[in-house]
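The values are calculated or read from the model by the stated rules, or taken from the named source; none is laboratory data. All values derive from a computational prediction rather than experimental measurement. When we count neighbours, we look across all protein chains shown, and the Cβ atoms used for this are built from the backbone with ideal geometry, even at glycine. Each accessible area value is taken on the protein alone, full model and side chains, heavy atoms only, with ligands, DNA and RNA left out. Shrake-Rupley method; radii C 1.70, N 1.55, O 1.52, S 1.80 Å.
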Amino acid sequence: MRVKRLSFNQLVFICLGFQYLLMRLFSAGEAIVITSIELVIYIVYTVATLAGLFLRSRRIDSEAVSGLSSLFFSVLWTVSLFSQFRKESYPNALTIINSLGVSSAVIVMLTQFIILAKA
């Protein structure tokens, strides 16, 4: 039985989607309290995801790349970041998490743009 591998676009969508899900889980509840352990887990996941996507992006064809999923998540993270600024009180860790989300989505989008530009 042969297992079909995920395409690069599907992998980007899944990784960035899980990153966004972690942010939503960590900031759920009435009072937003993000512990240091949660922040470290989030940072480690973000770095591991970016490293994995960079390594995989070196081995793919330019036809297999589309920047739509990373564009979607960069817009989603930007909206999340600016919507938190409307609230009167939010922890600094949430700002770090949102900023990492925006920057990771933009970095992945730039990587995909570079792959397409090389073709």
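Structural remarks
- Mean residue ellipticity (222 nm) of the chain, computed from DSSP H runs ≥ 4 via -39,500 (n - 2.57), nearest 500: -25000 deg cm²/dmol
- For the chain, averaging the sequence separation of C-alpha pairs within contact (under 8 Å, six or more residues apart) and dividing by the residue count gives a relative contact order of 37 percent.
- Apportionment of accessible area to carbon and sulfur, region 22-80, percent (1.4 Å): 69
- Per residue, the chain exposes 64 Å² of solvent-accessible protein surface, assessed with a 1.4 angstrom probe and all protein chains in place.
- Trypsin sites (Lys or Arg not before Pro) lying in DSSP loop within region 1-35, provided at most 12 other Cβ fall within 10 Å: 2, 4, 5
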